[in-house]
Amino acid sequence: MAELYPFSNRTAELLRSVPAPGQTHRWIAKVACGLRHVLDADTCFEFLRHCCDKYVTHRDVPDEEIEDAVDFAYEGDGNPRPGGMREGAEWPEVDLPMVERALRGTRPLFDPAIDTGLTSRDVLPLLFHPTEFVCVGPAARSALVRSLNATLHDAGLQQFVVPNPMRGRSALNYRGRPSARCKNNTGPRRHLVVEFDSPTLTKPIQAVLLSKLSEFAPLRLVVDSGGKSLHGWFRVDHLGLRDQARFFAVGCLLGGDATRWDLCGWLRMPGGLRQVDGVPSIRQRIVYLAR
């Protein structure tokens, strides 16, 4: 795959190996970010479609998943936005000595084993204003944009939420198609979410690292994904773009997932239901809330 275009070394390295099960979604997003420098958005989509059809054999990859990755990389319209800091594949890799220092010198703000007992209805009004639109979904391919009040009725049954308010019901995405969940339909960034996806970082360790990051931006909420990771919601709308990027870079140095920079990316709904084998069965617990 890597021989077809003059990719950066990092992108070429990604293309030399087939993504492992559980890593395909992030692999597509990272490759799309690298391709942005040499391909237009439509060609990027076609190339990724070819790669997934030929090399990803452990599951089907729908067009919508690739479109989301290209939208993430091309910032919604295929044109660079000055200062946009959208190159998810170019965020720093984890710095293990920094992680060790953080673990030695930080007391956790919460115990991830303790459920606060809070629900989606309790926390969403603290994250969004009453007049704002919220994007949620029972599955990754089902985006619903509604008012906050309408969302509260069934929020606990949803699996995903976009951490930033939406501009309206829909907008045109980078391919010129109406889309409920795309960057052109997402308002200014309010939250940055740091998620640790390494199996070596246990949830107690993640709790310490999120607590360390709270020294740089307010930690509003922590959600247990129902899997192996915690999601820390940080309030960043008081920061300029450069400082938001610096904060997120520190999160990446501590092991955070670089694709979480995506303005309209799905996050686990606080208090929602995670699906396992297509069946909603695991409550995505709220383990910390700063009031």
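The values are calculated or read from the model by the stated rules, or taken from the named source; none is laboratory data. Since the model is a prediction, treat every value here as computed from it, not as a measurement. Quick reminder, even Gly has a Cβ in these numbers, built from the backbone with ideal geometry, and neighbours come from all protein chains shown.
Restricting segment 228-239 to residues that are in a loop (DSSP other than H, G, I, E, B) and in contact with a Lys or Arg (Cβ under 7 Å, 6 or more places away or on another chain), which is surrounded by the most Cβ atoms within 10 Å (Cβ to Cβ)?
Val236
Filtering segment 1-53 down to residues that are surrounded by fewer than 20 Cβ atoms within 10 Å (Cβ to Cβ) and of a type in the set (Lys, Arg), which residue is modelled with the lowest pLDDT?
Arg10
If you go through segment 20-67, how many residues are closer than 22 Å to Ser198 by Cβ and among the hydroxyl-bearing types (Ser, Thr, Tyr)?
The total comes to 1.
Among the residues of segment 168-225, which ones are among the β-branched types (Val, Ile, Thr) and surrounded by fewer than 17 Cβ atoms within 10 Å (Cβ to Cβ)?
Thr200, Thr202
Criterion first (within 24 Å of Tyr288 (Cβ to Cβ) and either exposed (fewer than 15 other Cβ atoms within 10 Å of the Cβ) or not aromatic (Phe, Trp, Tyr) (or both)) does Thr116 satisfy it?
Yes: the conditions hold for Thr116.
Can you name every residue in segment 202-227 that is part of a loop (DSSP other than H, G, I, E, B) and more than 14 Å from the chain's Cα centre (by Cα)?
Listed by number, the residues that qualify are Thr202, Ser214, Glu215, Phe216, Ala217, Pro218, Gly226, Gly227.
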